[in-house]
1. Between A237 and R276, 0.36 nm times their residue separation minus their Cα-Cα distance comes to what?
2. From the residues A129, S153, L70, which one has its Cα farthest along the dipole of the range 60-178 in the positive direction, the dipole being from +1 and -1 charges on Cβ of Lys/Arg and Asp/Glu about the Cα centre?
3. To the nearest 0.05, what FRET efficiency results for A95 and S71 with a Förster distance of 25 Å applied to their C-beta separation?
4. Send over the per residue convex hull volume for the range 60-178, Cα only, as a whole number of Å³.
5. Testing the spin-label approximation: label points 7 Å from Cα along Cα→Cβ at A136 and R184. State their distance in nm.
6. Listed highest first by mean packing, meaning other Cβ atoms within 10 Å per residue, what order do 216-224, 67-75 come in?
7. Charges only on Cβ, +1 for Lys and Arg, -1 for Asp and Glu: so what's the dipole of the range 60-178 about the Cα centre, in debye to the nearest 20?
8. Taking the Cα-to-Cβ direction at E259 and at N124 and moving 7 Å from each Cα, how far apart do the two end points lie in nm?
Amino acid sequence: MASSPSPSFACWRGACCSSSRWAILGLLALLAGCGDLPRPFAGHPGATALRLAQPPPARLAVPVPTNALLSDEASAAYDKALVTALQDQDVPAVADIARTGDWRLTVTADVRDDKVVPVFTVENPSGDAQGSTEGAAVDAAQWAAGSPPTLQSTAAASAPLVATLLTRIEAQRQQSDPNSLINRPARVLVADVTGAPGDGNQQLARNLREQLPQVGEVVQDTPAGADFVVACEVKTAPGSGGTERIEIQWIVRDARGRELGRVVQLNEVAPGSLDRYWGDTALVVAQEASGGVRDVILNQLGARADAKAAKPAQATGQ
């Protein structure tokens with residue numbers, strides 16, 4: 001698309017010095033940006049995109065411990081306290097027996113001198129142990145008494161250790177799988193854009209397809225085998241001071257259609273300035289959005305770079 005100013009492009013130039021807004025997670029951060037070119041959507045780094053939502057991971061079933069040197073009543077109370085503490089660590093723990101597809105956390109306890117050391121073992125859905133970690137030692141008499149404060153404080157102290165163990169297990173699992181997204185670029189389908197005036201639907205989709213490979217993702221033309229699908233919705237509405245507000249939402253979904261995150265761009269422009277041609281504006285929008293889309297994808301991968309750097313050591317430790 002030619003970059004020479006058309007009447008509508010000149011109107012976009014006139015809107016350049018107005019405030020531009022970049023919204024992530026539905027929160028609008030006011031940013032201003034002007035340059036020599038009419039690029040009101042520029043200056044909002046896509047790399048600042050944040051996660052809107054993550055798909056719910058598999059449940060971590062935490063059955064009531066039967067070999068933790070506690071009475072039945074204290075075991076049930078400790079199980080409840082541990083699940084609550086794990087949920088506070090964003091672990092999808094449930095106080096329940098393991099069902100099909102669930103991971104399981106087994107809690108036991110060892111006596112060492114006059115101390116009791118809780119031991120946590122993570123098992124995959126097949127029942128195979130994937131790693132263990134130990135909680136802080138507790139006075140044996142206090143542990144056996146099973147007072148609520150003791151059980152709650154011990155559970156709260158142990159939950160971060162279990163969460164760290166789960167992170168290591170997942171990193172090692174991803175690293176060992178050659179087909180994991182840790183070890184290959186994501187395959188992304190850019191779906192049709194809807195709602196844009198003029199030629200915006202075609203130009204926004206085309207430019208994002210060209211920009212995503214430049215930030216490291218593989219773009220494909222068919223849904224078969226795609227890891228992620230990016231759709232886009234454009235809305236227009238009257239803006240302030242007689243302007244027109246353009247809202248662009250890039251919606252990232254996984255292969256099963258679950259929404260993972262959104263990158264939202266907002267700008268106020270001269271009325272009708274995009275009714276025919278988007279020109280370089282579509283390129284600017286796609287450049288900014290591509291970094292945000294990549295960040296949403298990376299958030300789903302659990303920090304790809306960190307996982308690749310993880311050592312393939314035993315997932316056992318404090």
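Throughout, read-outs are computed from the coordinates displayed, never taken from laboratory work. All of these numbers come straight from a predicted model, not from anything done at the bench. Cβ sites come from the backbone with ideal geometry, for glycine too, and all protein chains shown count toward neighbours.
1. On the way: separation 39, 0.36 × 39 = 14.04 nm, distance 1.68 nm.
Taking A237 through R276 to full extension adds about 12.4 nm, to one decimal.
2. Going by the Cα projections, it comes out as A129.
3. Working: r = 17 Å, r/R0 = 0.68.
FRET efficiency, A95 to S71: 0.90.
4. Working: hull volume 11.3 nm³, N = 119.
Given the Cα convex hull of the range 60-178, per-residue volume reads 95 Å³.
5. 4.5 nm
6. Working: 216-224: 12.9, 67-75: 15.9.
Highest mean packing first, the order is 67-75, 216-224.
7. On the way: 7 positive and 16 negative charges, 23 e Å.
Rounded to the nearest 20 debye, it is 120 debye.
8. For the pair E259/N124, the computed spacing is 3.3 nm.
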